[in-house]
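Everything below concerns the one structure shown next.
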Amino acid sequence: MTDAKSYQAREKEFLFETYPKRDVVISRGRGATLWDIDGREYIDCAAGVGVANVGHANPAVVKAISEQAATLITCPNIFYSEVRADLLKLLAEVTPAGLNRAFLCNSGAEAIEGAMKFARLTTGRTDFVACMRGFHGRTMGAVSATFNKKYRQPFEPLVPGFGFVPLNNIDKLDAAVTDQTAAVMIELVQGEGGVRPANAEFVAAARRITQERGALLLVDEIQTGFCRTGKFFACEHHDLEPDIMTLAKAIAGGVPMGAIMVTDQISDAMGQHGTTFGGNPLACAAATAAIEFMQTEQLARRAAELGDYFETRLKQELPARIKEIRRLGLMIGLELTDKVQPHLVKLIEHGVLALPAGPTVLRLLPPLVITEAEIDRVVDAVCEVLSEAAA
Ligand SMILES: *Cc1c(COP(=O)(O)O)cnc(C)c1O
């Protein structure tokens, strides 16, 4: 057996399986490139599912992690920490106005869980309104806010009090928000749900309706945040100031971390919520390095420009299989006329790793440090694969 086959067999034997796997053993990364165990090169348009915005093995992040690891890895939240203090200040600076305090945690789902608790504590209300096709994570609270039956149904009964409205349907939203609604939860571009942007009217209505009825607006920027959509946060496309914002994925250059950003209006939860690992020095150092890199390299502007470049290049050859291009910055969804899965397998053979977003959407979330030449190679591979006759 080759090394690749033996590692695959070992994972198959010992892993508790939750994901269908592709036949690649990834060993190493740099920028937008990954190498497998046999030295084959791939352009990574999965980026750890929208995690590696600053690129794999980003030197600034590597340096910060290495130095912090040799200094202090863990420090509980009952003490102060220099690196945590620095990150908290930076997060308040880069996020929309009003979001000046953060609860630091370890993942997206955990950020959603905490956000739900904070919303109930602050409002004294129990209910939530979320969007159809929305995705907020896999833990019991987060999955209760997630629309797809496949994720929800096997685990019922879930957290009660959730209603769902179609994205961009203002009348349905208006009808759903009651005097028992603690928060309206939205993604500004639905990620797992198929790369579907909320429109400006809907976002403005969500802000207005929540304000009028004493409910909070919770914006989930776990996938859209940190320059992905061509702004530091997708909120900036709408001049939106939410009450709560959840962050994770790209926040710490690949190190697991989540954050809940809140306004001063959100009540403290002294002794009522907590975390062991959240805000540990290692993750904080990584996050500060990643965010400073995004600032100095102007990754938001880069994502906007490279996203335009990608779309222009793609439209020059546009395969007939692409029904619609949905995109904001380098968050790209290609709605296909047929199932995406076989095309993802073929793309691997062409040296491109990509993602699905539902059964018929090809999703590309490349590192934002990707070059134009690499985008050319991605477009060529996508066009070649999508132009092939059906198997
Ligand atoms: C990925 C994702 C989550 C869940 O994050 P995990 O870190 O996997 O728990 C929640 N919301 C959105 C919008 C996401 O894309």
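Overview of results
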item: Residue in segment 49-56 that is more than 16 Å from the ligand (Cβ to nearest atom) and out of contact with any Ser or Thr (no Cβ under 8 Å at 6 or more places or on another chain) present; result: yes
item: Meets criteria (open to solvent by less than 10 Å² (accessible area, probe 1.4 Å), touching a residue at least 60 places away in the same chain (Cβ under 8 Å) and not assigned by TED's automatic domain parsing to the domain that holds LEU328) for ILE222; result: no
item: Selection within segment 139-179 - open to solvent by less than 50 Å² (accessible area, probe 1.4 Å) and of a type in the set (Val, Ile, Thr); result: VAL143, THR146, VAL159, VAL165, VAL177
item: Only listed residue being within 25 Å of the chain's Cα centre (by Cα), charged (D, E, K, R) and buried (at least 17 other Cβ atoms within 10 Å of the Cβ), chosen from ASP86, ASP44; result: ASP44
item: Test for THR312: is it open to solvent by less than 40 Å² (accessible area, probe 1.4 Å), of a type in the set (S, T, N, Q) and in a helix (DSSP H, G or I); result: no
item: Given (1) within 16 Å of the ligand (Cβ to nearest atom); (2) within 24 Å of ALA259 (Cα to Cα), index of the condition LYS150 fails; result: (2)
item: PHE135 vs. criteria near the ligand (Cβ under 9 Å from one of its atoms), open to solvent by less than 50 Å² (accessible area, probe 1.4 Å), of a type outside the set (A, V, I, L, M) and in contact (Cβ under 8 Å) with a residue 40 or more places away in the chain; result: yes
item: Candidates ALA320, ALA269, ALA287, filtered to the one that is of a type in the set (A, V, I, L, M) and under 25 Å from PRO59 (Cβ atoms); result: ALA287
item: Residue among MET294, MET331 that alone is crowded, with 19+ Cβ neighbours inside 10 Å, touching a residue at least 12 places away in the same chain (Cβ under 8 Å) and within 16 Å of the ligand (Cβ to nearest atom); result: MET331
item: Odd one out for ALA182 among (1) out of contact with any Cys (no Cβ under 7 Å at 6 or more places or on another chain); (2) surrounded by fewer than 22 Cβ atoms within 10 Å (Cβ to Cβ); (3) not in a helix (DSSP H, G or I); result: (2)
item: Flag for ILE26 being open to solvent by 20 Å² or more (accessible area, probe 1.4 Å), on the phi < 0 side of the Ramachandran plot and in contact with an Asp or Glu (Cβ under 7 Å, 6 or more places away or on another chain); result: yes
item: Criterion (within 21 Å of LEU334 (Cα to Cα) and hydroxyl-bearing (Ser, Thr, Tyr)) met by exactly one of THR224, THR178, THR139; result: THR224
item: Looking only at segment 348-360, and only at residues there that are farther than 26 Å from LYS150 by Cβ and in contact (Cβ under 8 Å) with a residue 40 or more places away in the chain, the one that is surrounded by the most Cβ atoms within 10 Å (Cβ to Cβ); result: VAL352
item: Qualifying residue in segment 47-56 (condition: closer than 20 Å to ARG228 by Cα, open to solvent by 40 Å² or more (accessible area, probe 1.4 Å) and part of a helix (DSSP H, G or I)); result: yes
item: Subset of segment 361-391 [β-branched (Val, Ile, Thr) and open to solvent by 40 Å² or more (accessible area, probe 1.4 Å)]; result: THR371
item: Every residue from segment 140-169 that is under 21 Å from VAL189 (Cα atoms) and not in a helix (DSSP H, G or I); result: ALA145, THR146, PHE147, ASN148, PHE162, GLY163, PHE164, VAL165, PRO166, LEU167, ASN168, ASN169
item: Which numbered condition GLN8 misses (of (1) without any contact (Cβ under 8 Å) to a residue 24 or more places away in the chain; (2) over 25 Å from the mean Cα position of the chain (by Cα); (3) in a loop (DSSP other than H, G, I, E, B)); result: (3)
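The values are calculated or read from the model by the stated rules, or taken from the named source; none is laboratory data. The structure presented is a predicted model; accordingly, all values stated were derived computationally and were not measured. Reconstructed Cβ throughout: ideal geometry from the backbone, glycine too, with neighbour counts over all protein chains shown. Surface accessibility is based on the protein's heavy atoms, side chains included, excluding ligands, DNA and RNA. Shrake-Rupley method; radii C 1.70, N 1.55, O 1.52, S 1.80 Å.
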